[in-house]
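Participant: Quick one: the structure is below, and I'll ask about it shortly.
Every number in this text was worked out from the coordinates using simple rules, so none of it is lab data. In this text, all values refer to a predicted model and were calculated from it rather than measured experimentally. So basically every Cβ, Gly included, is an ideal-geometry build from the backbone, and we count neighbours across all protein chains shown.
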Amino acid sequence: QSALTQPASVSGSPGQSITISCTGTSSDVGGYNYVSWYQQHPGKAPKLMISDVSNRPSGVPDRFSGSKSGNTASLTISGLQAEDEADYYCSSYTSSSTPYVFGTGTKVTVL
Amino acid sequence: EVQLVQSGAEVKKPGESLRISCKGSGYSFTSYWISWVRQMPGKGLEWMGRIDPSDSYTNYSPSFQGHVTISADKSITTAYLQWSSLKASDTAMYYCARHSGYPPFDYWGQGTLVTVSS
């Protein structure tokens, strides 16, 4: 099972919107609505930001949103803030022998 | 409050054995799976394997099958990841994470840094 494909880096100025893509196949992203997104600050554990494609857990700011079209999922951060600078990973359930797969990760830089 | 608390950092030599732990609290330990996730220095997240603490059913990523063993003791709400013979390439941060049969991984441990060096 190959990792889901994410851009290595995305940047934006405070207040802008950015979108991170996560591309898989019909055996993972395209086949299930079990796509989730995680934020990881340096030296910290990952934190769940979006579950089931577009659900925001309690406590996650509403500037974070998720969507999916075909084999590609997306995380959008609207109104970018300095504290959003971190690494972001997508994850999906898969029909392969490995039931879960992560994306390659995207470093978000706030300019 | 749901918590997963992992054991502390380890420094080992190649060929040594090791077991690290992940203690769950604040929820029904047998109602959720525990997965282990590796993060090598400067790299991304890799799913290693999972265990259902209710019956200790496990499955592993082919990349890790045969090199690590995942177990759990539900009486003390603790999951384990163990190696019988460490390699330098096992140097990484290891996280445990809670989930139902499907994603997401909603709670994560703080991570255990394993360093393998001669």
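Participant: From the P(r) of segment A:27-94, can you give the percent of Cα pairs sitting at distances over 19 Å?
Facilitator: 29
Participant: Of the cross-linked pairs A:Lys47/A:Lys107; A:Lys44/B:Lys43; B:Lys43/B:Lys87; A:Lys47/B:Lys13, which ones have a Cα-Cα span greater than 25 Å in the structure shown?
Facilitator: Values: A:Lys47/A:Lys107 15 Å; A:Lys44/B:Lys43 14 Å; B:Lys43/B:Lys87 18 Å; A:Lys47/B:Lys13 31 Å.
A:Lys47/B:Lys13, as the Cα separations exceed 25 Å there.
Participant: Using the alpha carbons of chain B, what is the convex hull volume per residue in cubic angstrom, as a whole number?
Facilitator: It comes to 98 Å³ per residue, whole-number rounded.
Participant: List the aspartates and glutamates whose Cα sits under 14 Å from the Cα of A:Lys68, skipping any in the same chain fewer than 8 residues away.
Facilitator: Cα-Cα hits under 14 Å: A:Asp28, A:Asp52.
Participant: Enter the per residue convex hull volume of the protein assembly as shown, computed from alpha-carbon coordinates, in Å³ rounded to the nearest integer.
Facilitator: Numbers: hull volume 26.3 nm³, N = 229.
Dividing the Cα hull volume of the protein assembly as shown by its residues yields 115 Å³.
Participant: Now for a different question. Show the residues, 5+ positions off or on another chain, whose built amide H is closer than 5 Å to the amide H of B:Tyr107.
Facilitator: It is B:Arg98, by chain and number.
Participant: Follow-up. Which FRET efficiency, nearest 0.05, do A:Asn33 and B:Lys13 yield, Cβ-Cβ r, R0 35 Å?
Facilitator: Plugging the Cβ-Cβ distance into 1/(1 + (r/R0)^6) gives 0.15.
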